[in-house]
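Laboratory data are not the source of any read-out in this text; all were calculated from the coordinates shown. As the structure is a prediction and not an experimental result, all values here were calculated from the model. A quick note on method: Cβ atoms are made from the backbone with ideal geometry, for glycine too, and the neighbour counts reach across all protein chains shown.
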Amino acid sequence: MAEGCPFHQPGHADDQVTMKSPTGCPVSPEAAAFDPFGASYQLDPAEALRWSREQEPVFFSPKLGYWVVSRFDDVKAVFRDNITFSPSIALEKLTPAPPEATKILESYGFAMRRTMVNEDEPDHMERRRLLMDAFLPENLEQHEAWVRELVRDYMDLFIDKGRADLVGEMFREIPMTVALRFLGVPHEDAKELRKFSVAHTLNTWGRPSPEQQLQIAEDVGRFWKTAQDILDRMYAEPTGEGWMYDSIRMHKVHPAIVPESYLRSMMMAILVAAHETTAFATTNAFRTLLSNRESWNDICENPALIPSAIEECLRVAGSVVAWRRIATDDTIVGGEKIPKGGKLLIVQASANRDQSHFENPDDFDIYRHNAAEHLTFGYGAHQCMGKNIARMEMRVILDEFVRRLPHVHLVEDQTFEYLPNTSFRGATSLWVEWEPAQNPERRTRSVLENPTHFHIGAPIKDDILRRVVVTEVEREAEAVIRIDLVDPHGRDLPDWSPGSHVELVSGEWRRYYSICGTRGDRSRLSFAILREPEGRGGSVHFHDTVKPGDVLHIAGPKNHFHLDETATRYTLIAGGIGITPILAMADRLKALGKPYTLHYCGAGRRTMAFLDRVERDHGAALTVHAGDEGCRLDLPRVLGGLSEGEQVYSCGPERMLEALETLAVNWPEGTLHVEHFTARSSILDPANEHAFEAVLADSDLTVQVGNDQTLLEALTAAGVDVPSDCCEGLCGTCEVAVVEGHIDHRDLVLSRTERDANDRMMACCSRAKDKRLVLSL
Ligand code: HEM
Ligand code: FES
């Protein structure tokens with residue numbers, strides 16, 4: 001690594017700043033002031049780092065001695081690369097222990113070793129795969145019924161009281177009981193273990209005082225001893241049920257991968273992983289939902305919305321707000337040089353509110369289509385193994401509340417306190433009130449019947465639908481209608497940015513349409529639909545059936561066609577109905593005062609939607625290319641003299657976009673942005689792939705895998721459930737055993753030796769080298 005700051009010139013005004021980062025760069029005043037134990041970060045870490053997301057996404061914090069990473073893409077990139085960014089410091093004590101505390105721990109023979117979450121490869125992945133079974137969705141299903149019973153028992157204790165501290169009376173209890181039962185640990189140990197896990201949190205991520213350090217050391221030491229006592233009892237029961245028993249059995253079969261010393265540390269680590277995280281996440285979710293009454297009412301009306309509501313709560317108010325990694329080499333994150341040995345605080349809470357990934361990130365929106373992409377569970381090879389257990393607990397708790405206590409509300413003017421630490425966030429109490437006389441079950445016991453059954457895993461994206469009402473259907477041009485939608489309760493609809501689209505859903509029909517209304521007018525959403533008689537039927541259905549007053553559903557808005565507002569000039573090219581996103585972009589550029597030209601092509605003026613409006617608002621920048629007037633768009637001429645820093649945005653028919661992409665081959669990266677009418681796979685390039693067949697030896701089934709499909713997609717379509725998660729070859733969840741055939745490995749999970757063994761593959765990304773694979777499925 002070169003000495004000094006690569007971006008800093010001597011004599012620059014920054015020279016007055018004396019503080020320097022380890023790479024010699026001046027530390028900005030904001031970075032110097034950043035204090036992860038200060039009130040603003042403790043209260044709302046995402047808000048406390050807003051300045052960083054906007055100005056300095058990676059900075060060195062002298063107060064912490066860490067590099068802080070605040071943007072979504074950077075946080076995800078660090079999680080993704082667990083080789084360059086080792087998790088080995090994930091559980092390192094932030095505040096060093098005084099010698100007296102170390103002595104106390106020694107007196108207990110404390111020798112906590114690394115446990116999965118802070119292990120490096122290849123050990124980590126070998127263990128993760130061996131110990132994963134109990135966490136797989138099909139094995140979690142069986143737990144839902146008893147989790148519900150448990151939740152009901154706790155609610156019975158306070159349902160008639162009219163007031164409760166949900167944290168003390170329920171949310172701290174349930175995750176511990178669930179974790180213990182999942183592990184197979186007897187419940188009589190629960191109380192003490194809960195106390196220990198709180199000590200562990202403060203010990204690892206907090207700033208305990210010297211006196212607290214001694215008490216913590218005592219608690220952690222006892223935790224260590226208790227873990228061994230419990231294990232000794234478990235060894236005596238070779239057929240016991242639960243993940244700890246599974247691990248003991250794995251130890252017997254694979255002692256080198258799961259050594260005995262590992263089990264004791266793992267017992268401690270997993271209780272901490274499972275308890276505080278879920279208790280805080282549930283507390284935060286209730287607080288958030290009860291503070292957003294309309295959303296609470298929506299889930300009471302339709303409990304099927306609970307899974308997506310929970311993901312949105314985990315996004316805006318997650319319980320793990322920051323995680324740690326250490327650079328194993330000189331590297332770069334978000335343009336900032338990080339030296340080998342540099343420690344990173346990657347702030348998920350901030351990433352989860354990054355507007356480059358989440359539209360309107362500060363809005364709480366339970367219909368957000370991509371809320372489950374939050375990073376609260378981490379990402380990649382170490383992504384939380386227990387996330388589906390946590391989701392299940394939270395879903396069942398909420399489902400019971402919306403049925404039994406829909407009228408519950410937060411006690412006003414209560415103060416919320418937090419355990420001061422960098423990473424775990426949740427109030428220590430949450431007081432709620434209700435009128436017991438209004439409890440629905442006093443009128444009918446049927447509220448307890450037919451609870452919602454939630455599938456295990458992330459919410460199914462197709463189910464996250466917002467109800468809307470059609471207010472207007474207007475003809476905009478030949479074969480083009482405009483549809484306006486409003487919220488049925490007259491509430492604001494979500495804001496959207498140029499390039500956004502919604503998925504319109506009516507019965508079995510689901511189609512994407514770009515939004516083209518007036519941005520900022522949140523009372524309605526408008527989009528235009530071209531009637532395509534030769535298409536797949538959706539546009540004809542909407543043209544022929546939709547009328548004012550109809551109730552439809554939408555998913556989104558989503559945006560895969562973002563306008564980069566930093567370019568120096570813009571050329572916008574719309575073909576036919578492709579004017580919808582382009583018009584929104586032109587409006588935005590005009591409002592920003594950016595130079596742009598707009599080319600609008602169509603078969604003839606009569607077919608060109610919004611032409612009057614385009615001429616009125618963008619006349620000075622506009623060239624109309626109407627085919628029947630002999631005025632065709634000459635792309636090479638129009639784009640012949642692009643200036644430096646200029647960007648081109650286009651939406652239109654496939655032929656036009658292909659011509660543009662051919663022209664753009666030698667343009668600088670990021671110059672051309674196009675939106676296709678039809679979706680393309682983001683991972684596969686069908687032109688460079690070949691189809692193959694997967695013979696499923698155990699099921700006596702042959703599945704054809706097209707050149708535009710992953711093996712995982714083909715298996716799922718054939719009704720063969722293969723668990724999956726990242727779908728990027730990172731997490732190891734979708735591993736399938738291979739009996740025959742050559743594998744084209746594309747994952748980052750398997751080691752070279754494992755690849756060479758040719759006996760397993762990741763179905764989400766790896767393929768067949770030839771025409772056939774035989775799988776043990
Ligand atoms: C790892 C969050 C619940 C077991 C993690 C990580 C995070 C996390 C941030 C590190 C991820 C990474 O490095 O990429 C959460 C949250 C939870 C939760 C927010 C609740 C809302 C649970 C539960 C269990 C659990 C209930 C077990 C029953 C684990 C394990 C790992 C882990 C075993 C280590 C995985 C590995 O390194 O391969 N969790 N967790 N977690 N979590 Fe959770
Ligand atoms: Fe994560 Fe395939 S490796 S789903």
**Item:** the range 465-559 - percent relative contact order, Cα under 8 Å, separation 6 or more
**Value:** 39
**Request:** Please sort 19-25, 667-673 by packing, taking for each peptide the average over its residues of neighbouring beta carbons within 10 angstrom, highest first.
**Result:** 19-25, 667-673
**Prompt:** Which order, highest average first, do 708-715, 419-426, 402-409 follow once you tally other Cβ atoms within 10 Å for each residue and take the mean per peptide?
**Reply:** 419-426, 708-715, 402-409
**Prompt:** Can you sort Asp44, Asp74 by how many other beta carbons sit within 10 Å, fewest first?
**Reply:** Asp44, Asp74
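Nearest 20 debye, what's the magnitude of the dipole of the chain about its Cα centre given +1 on Lys and Arg Cβ and -1 on Asp and Glu Cβ?
In total the dipole reaches around 560 debye.
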**Asked** For the range 483-519 and the range 257-290, what is the separation of their C-alpha centers, rounded to whole Å?
**Response** 39
**Item:** Percent RCO, i.e. relative contact order, over the chain, from Cα pairs under 8 Å lying at least 6 residues apart
**Value:** 11
**Item:** Cα gyration tensor, the chain - rounded (a/c under 1.5), prolate or oblate
**Value:** prolate
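If the chain between Val253 and Gln215 were fully stretched, how many nm would it gain, using 0.36 nm times the residue separation less the Cα-Cα distance?
Taking Val253 through Gln215 to full extension adds about 9.8 nm, to one decimal.
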**Request:** Taking the dipole about the Cα centre of the chain, with the C-beta of Lys and Arg at +1 and of Asp and Glu at -1, give me whichever of Val551, Leu748, Leu419 is farthest to the positive side.
**Result:** Leu419
**Message:** Between Ser776 and Val665, what is the label-point separation in nm under the 7 Å Cα-to-beta-carbon projection?
**Reply:** 4.6
**Message:** With n ≥ 4 as the cut-off for DSSP H runs, can you work out [θ] at 222 nm for the chain, using -39500 (n - 2.57) per run divided by the number of residues, rounded to the nearest 500?
**Reply:** -10000 deg cm²/dmol
**Item:** Cα-centre dipole for the range 112-260 with unit charges at Cβ (Lys and Arg positive, Asp and Glu negative), debye to 20
**Value:** 320
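Mind checking the dipole of the range 569-649: about its Cα centre, +1 per Lys or Arg Cβ, -1 per Asp or Glu Cβ, Debye to the nearest 20?
The dipole magnitude comes to about 120 debye.
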**Asked** Hey, what do the phi angles of the range 405-414 turn into as Karplus ³J(HN,Hα) couplings, whole Hz, using 6.51/-1.76/1.60 and θ = phi - 60°, x for Gly and Pro?
**Response** 9, x, 8, 5, 9, 6, 5, 6, 6, 7
**For the range 351-391 versus the range 66-133, the gap between their alpha-carbon centres in whole angstrom** = 22
**Asked** For Tyr418 and His453, FRET efficiency with R0 = 30 Å and r from the beta-carbon atoms, rounded to 0.05?
**Response** 0.30
**Item:** Signed unit charges on C-beta, dipole axis of the chain, positive-most listed residue Asn370, Ala717, Phe37
**Value:** Phe37
**Fill in**
Karplus ³J(HN,Hα) for the range 735-744 (6.51 cos²θ - 1.76 cosθ + 1.60, θ = phi - 60°; Hz, whole; x = Gly/Pro) runs 4, 10, 7, 10, 9, 8, x, 9, 9, 9
**Fill in**
Out of Gln704, His690, Thr733 - ranked by how far each Cα lies towards the positive end of the dipole of the range 686-775, with unit charges on the beta-carbon of charged residues - the top one is His690
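Please work out the FRET efficiency for the pair Glu92 and Glu241, using the Cβ-Cβ distance as r and a Förster radius of 41 Å; give the result to the nearest 0.05.
0.75
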**Request:** Just grab the label-to-label distance for His407 and Leu157, each label 7 Å out from Cα along the Cβ direction, in nm (one decimal).
**Result:** 2.5
**Request:** May I ask you to work out the translational diffusion coefficient for the range 99-448 at 20 °C, viscosity 1.002 mPa s, via Stokes-Einstein with Rh from the Kirkwood sum over Cα pairs, reported in whole µm²/s?
**Result:** 99
**Centre separation in Å (Cα based) which lies between the range 187-202 and the range 536-611** = 56
**Request:** Would you mind getting me the FRET efficiency between Glu54 and Lys594? Use the beta-carbon distance for r and R0 = 22 Å, nearest 0.05.
**Result:** 0.65
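Where does each of 362-373, 257-268 land if you order them by average Cβ count within 10 Å, highest first? It would help to have the intermediate numbers written out before the result.
Working: 362-373: 20.2, 257-268: 18.7.
Top of the packing list down: 362-373, 257-268.
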